[in-house]
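Encoded as structure tokens, the structure appears first; notes follow it.
The values are calculated or read from the model by the stated rules, or taken from the named source; none is laboratory data. Since the structure is predicted, the reported quantities are computational estimates derived from the model, not experimental observations. Every residue, glycine among them, receives a Cβ derived from its backbone with ideal geometry; neighbour counts consider all protein chains shown. What goes into the accessible areas is simple: the full protein's heavy atoms, side chains included, and nothing from ligands, DNA or RNA. Shrake-Rupley method; radii C 1.70, N 1.55, O 1.52, S 1.80 Å.
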Amino acid sequence: MLRVGPLGLGVGIFMLVISWTAIASANSPAPQTYVVNAENNTVTICPMSFDTRYCPDGGVMLRLDVDTREAVELAGFCDSGECFVDECVPAGTYRYGFAEPFECVEEANTDYFSEVTVEDDLGDCTLNPENSGVTPFSGEMAWSDWQTRCWGHYESSEEDDGCRGVGMLSARVLGLNLLVASLALLILWRRRRTT
């Protein structure tokens, strides 16, 4: 019969933990969010989603000034890659996202917005002739102050009318903790039995 010492058992448990964590993280898809890039006074907003909401038909794109809390609606001006383009943006910190947020999906995290800082002063800026510019947004903001609307593998409830991250990863971590604790108890039991 093969006897495994405490060191060998510890190494085995360590390898099990590492492989379990690698499997859990490898199965996590990219979140539903916005890739936002500021260059001079032009901001490019690329929606990344499962429901193919892109410029210009994805819905109303908003820019929220973090300091003043003023929101404007972007024109449906797009680049060639289906991203929204916001030109002549004054210096400041802004949040960009759809007025009607992405729907929560079980496969991935879902964001209300992404944040970016424009550092350059506006100076003389001219809009592209095809860009009609921004207009004040008069609707109600559907966003929370938290960037993430919900986490993957969520559960909705009538009480919170939203998403809670409970997730597969949390269950795996709990299961792994129980496995390690069980093995530790088994080792202690065997030591007591042999003495």
If each K or R counts +1 and each D or E counts -1, the residues other than SER132 whose Cβ falls under 11 Å of its Cβ total -3
Once the piece of chain linking ASP57 and THR135 is laid out straight, how much longer is it, given 0.36 nm per residue of separation minus the C-alpha distance between them? 26.3 nm
Can you pull the one-decimal nm distance between simple spin-label points at ALA99 and THR68, each 7 Å off the Cα toward Cβ? 1.9 nm
Want the number for CYS125 to PHE50: 0.36 nm per residue separation, take away the alpha-carbon distance, what's left? 23.5 nm
If each K or R counts +1 and each D or E counts -1, the residues other than GLY58 whose Cβ falls under 10 Å of its Cβ total -3
With all protein chains present and a 1.4 Å probe, how do MET141, MET48 order by accessible area, largest first? MET48, MET141
